[in-house]
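Take a look at the structure below.
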Ligand SMILES: N[C@@H](CCC(=O)N[C@@H](CS)C(=O)NCC(=O)O)C(=O)O
């Protein structure tokens with residue numbers, strides 16, 4: 001996935017998945033910071049390449065994204081976001097000492113939202129027939145991890161059992177209102193955005209990056225109505241016009257063809273340690 005206008009950097013590899021929320025945070029952060037990278041697509045849904053032995057050596061949490069470069073290994077989206085902010089320097093509001101605490105609070109608040117629960121509860125509430133498919137996928141992941149049997153795999157198996165519990169334990173129609181409340185509270189707590197500005201002034205920040213990905217996910221889930229504030233609505237309209245938004249390929253709707261293409265491409269991704 002080349003970054004428009006940026007040369008792919010062979011020394012910096014981004015392991016990511018096309019539809020993955022936290023991969024989108026990494027892609028947008030790097031695109032906004034003007035950092036080129038070589039794309040290494042993984043299939044985390046069907047082939048589950050994140051559980052492979054080679055990838056586990058790169059990222060023991062077995063999640064995407066991972067950014068690898070010379071003397072650099074970042075294994076979570078928030079670390080990649082901080083790296084991008086450092087690369088962007090003065091062009092992001094994060095460089096402003098007086099803004100740092102407020103930006104950090106907005107970023108932390110975002111990471112407190114249970115994005116996966118929001119996405120899946122909406123999916124299951126609107127398409128209940130998907131339930132057995134998702135449950136079967138989770139069960140087979142748990143079994144695969146339990147067969148691997150080492151401590152990290154067992155921790156991950158427990159996480160997936162917890163996911164099973166979340167999806168089976170309470171009907172999606174009950175979970176979804178709680179998730180809406182969580183997102184609404186987060187959005188209400190963001191600072192007012194003057195026309196033409198970004199969350200923390202005339203320059204973008206890490207908070208704008210995560211909010212853009214959150215809005216993209218709300219759009220994909222058919223939950224954009226939660227974005228009730230007019231200033232944030234205007235911010236979202238302008239955000240989608242930024243070149244980095246297109247370059248980062250944020251999914252605002254499910255892209256079936258892109259999903260299949262990414263799964264096929266991921267088969268050829270070299271995962272070398
Ligand atoms: N805290 C991590 C979370 C990453 C994460 O959960 N990624 C998801 C995709 S959006 C993933 O890799 N899921 C696959 C799995 O857990 O097996 C980050 O910010 O990067």
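Computed from the coordinates by the stated procedures, all read-outs in this text should not be read as laboratory data. These numbers were taken from a predicted model, which means no experiment stands behind them. Backbone-built Cβ (ideal geometry, glycine too); neighbour counts: all protein chains shown.
Between residue 152 and residue 234, with labels modelled 7 Å along Cα→Cβ, what's the label distance in nm to one decimal, could you check?
Modelled inter-label distance: 4.8 nm.
Hey, what did the chain get for relative contact order, percent, Cα under 8 Å, at least 6 apart?
26 percent
Starting from the Cα of residue 79, step 7 Å along the direction of its Cβ; do the same at residue 91; then give the gap between the two resulting points in nm.
My value for the distance between the label points is 2.5 nm.
By counting other Cβ atoms within 10 Å of each Cβ, how are 6, 214, 46, 226 ranked from fewest to most?
Starting with the residue having the fewest Cβ neighbours, the order is 46, 6, 226, 214.
Rank 200, 259, 83 by mean-square fluctuation in a GNM of the chain with C-alpha springs under 10 angstrom and give only the top-ranked residue.
Among 200, 259, 83, the largest mean-square fluctuation in the Gaussian network model of the chain belongs to 259.
Return 45, 174, 110 ranked ascending by Cβ neighbour count within 10 Å, so the fewest neighbours appear first.
Final ranking by Cβ density, sparse to dense: 174, 45, 110.
Starting with the fewest neighbours, write out 122, 156, 48 ranked by other beta-carbon atoms found within 10 Å of each beta-carbon.
48, 122, 156
Nearest-5 percent of antiparallel DSSP beta bridges in the chain?
In the chain, approximately 65 percent of DSSP beta bridges are antiparallel ones.
When a/c reaches 1.5 or more, the comparison of a/b and b/c decides; with that in mind, is the chain rounded, prolate or oblate per its Cα gyration tensor?
oblate
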